[in-house]
Amino acid sequence: MSLLVVGLSHRSAPVSVLERAALAPEVRGKLLRDAVSATPVTESAVLSTCNRIELYADVDKFHAGVAELSTLLARHSGVGLEELTPYLYVHYEDRAVHHLFSVACGLDSMVVGEGQILGQIKDALAVAQEVHTAGRLLNDLFQQALRVGKRAHSETGIDKAGQSLVTFGLEQLAGGQDVAAWAHGKRALVIGAGSMSSLSATTLVRNGIGELAVANRTVERAERLTALLTEPGGPGAANGLRARAAAMSCIEHELAVADIVISCTGATGLVLGADLVAAALTGRTGPMALLDLAMPRDIDAAVHRIEGAHLVDIESLADASADAPMAADVDKVRGIVSDEVAAFGAAQRAAHITPTVVALRTMAADVVAGEIARLDGRLPDLDDKQRAEITQTVRRVVDKLLHAPTVRVKQLAGEPGGAGYADALRELFDLDPQTVAAVSRADTPGGSHEARERS
């Protein structure tokens, strides 16, 4: 296994750097295609969230891979390599697997135990599959990471160690009050209609807000979200939620009547400037609570200095989460991660030897076929029944001779340091490396033609 991850997160870099390095959705596919075009890389996937940017790759050279992935991250993020490098971390092979599994379980999240990261990992795999840069290794890795994350949440109380970023942000705005009591009856504005905005709106509704406006560049998406919230059986139907969709051109009006504002768009510039917030607060008596979950930020940091405005953003969430209590179940999750990393490594090592075993059995079948053909030449008077019996007997002998060593070599290959058994098998039986490689290519799911040819 030659898995490599190069990235930066809220643990390694200040929010100001993460903000500038954030990858727009349309950039991610280009990054992945450029990655697999690089000499040391055969597969690639990118995990890009509000507090991490990580590039995963299957590489054939460690140092060349690190240099290439670092350069690609710098080029596509727009942050110079010299500035970006001090904040990058690198994980390789089993440590890279351990890192992703820990991320999937919420152990590496800003709010420990939050479950939203599973959806982001699923999206990362979907993008890599869409642009055909995920082959066998990354498909197996990300699918297993999703299973590990779900296992951690179902078998432990890791959820109690933290909440979604939305809930955590609302707790910070509530300032120690019960969120439902604090939010009850308030008027809220959600800016954006993507997955994070949908989660924000749903969380607000479930905490009892009285009125909701959803503003989005595409009004139809905002209308769909408000319809889902207010339809029969929806979270807002029971308490008579008043919800409406709004165009971005109506932000100034909506802001003036909002008690709670949550913004999470994909915009590259500010959505709410300090002047706009200050104007909205003019002439009103109540305060305004603002939660900025976007990266890069949607709300001007200068809002912190406006009287009557209480802004919580990614940076202040990072500071607050550093003091959040850790649940005892975190240790259980760490145990699950360690066990799953060992199992994944064993499965990958065992899979690595499978093409060699298949090539060996193919060679044995060819030898049997050749010897039966010679027998036909030397004993042409054999009838079909006799020929079939002899053929079956020879095949059984060969299968019995190969069964124990091939089963044992798969077991040994699954153990740490077992990669050499495939080489030993090829050497002992003088197997053609090209034949083994052909089996590997034929058995590789997904990925582009070029990626399969280079794997």
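Of note:
- Enumeration of residues in the range 228-259 that are touching a helix residue (DSSP H, G or I) at 6+ places or on another chain (Cβ under 7 Å), under 21 Å from V312 (Cα atoms) and open to solvent by less than 30 Å² (accessible area, probe 1.4 Å): L255
- So A57, is it within 23 Å of Q348 (Cα to Cα) and of a type outside the set (V, I, T): yes
- Checking A181 against (1) open to solvent by 20 Å² or more (accessible area, probe 1.4 Å); (2) in contact (Cβ under 8 Å) with a residue 40 or more places away in the chain; (3) small (G, A, S), the condition it does not meet: (2)
- Candidates L225, L189, L141: the one that is buried (at least 16 other Cβ atoms within 10 Å of the Cβ), modelled with pLDDT under 95 and of a type in the set (A, V, I, L, M) is L225.
- Residue selected from the range 20-36 under the condition touching a residue at least 40 places away in the same chain (Cβ under 8 Å) and surrounded by fewer than 18 Cβ atoms within 10 Å (Cβ to Cβ), by the criterion nearest to V111 (Cα to Cα): R20
Residue by residue, here is whether (1) more than 12 Å from I191 (Cα to Cα); (2) among the acidic types (D, E); (3) in contact (Cβ under 8 Å) with a residue 24 or more places away in the chain; (4) not in a helix (DSSP H, G or I) holds:
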| site | (1), (2), (3), (4) |
| --- | --- |
| R224 | yes, no, yes, no |
| P232 | yes, no, no, yes |
| N239 | yes, no, yes, yes |
| I251 | no, no, yes, no |
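- Odd one out for R11 among (1) farther than 24 Å from G106 by Cα; (2) open to solvent by 40 Å² or more (accessible area, probe 1.4 Å): (1)
- Cross-chain or 6+ apart pairs with Cβ under 7 Å, the range 101-128 first and open to solvent by 20 Å² or more (accessible area, probe 1.4 Å), then part of a helix (DSSP H, G or I) and among the acidic types (D, E): G115/D159
- Entry remark, the range 328-385: residues being modelled with pLDDT under 85, among the charged types (D, E, K, R) and buried (at least 16 other Cβ atoms within 10 Å of the Cβ) number 2 in total.
- Selection status of S16, assigned to a helix (DSSP H, G or I) and more than 30 Å from Q348 (Cα to Cα): yes
- Some residue of the range 389-410 being modelled with pLDDT of 70 or more, surrounded by 16 or more Cβ atoms within 10 Å (Cβ to Cβ), within 30 Å of S102 (Cα to Cα) and in contact with a Phe, Trp or Tyr (Cβ under 9 Å, 6 or more places away or on another chain): yes
The values are calculated or read from the model by the stated rules, or taken from the named source; none is laboratory data. Remember, it's a predicted structure, so these values are computed and weren't measured experimentally. Glycine also receives a Cβ, built like all others from the backbone with ideal geometry; neighbour counts cover every protein chain displayed. The area values use the complete protein model at the heavy-atom level, side chains included, leaving out ligands, DNA and RNA. Shrake-Rupley method; radii C 1.70, N 1.55, O 1.52, S 1.80 Å.
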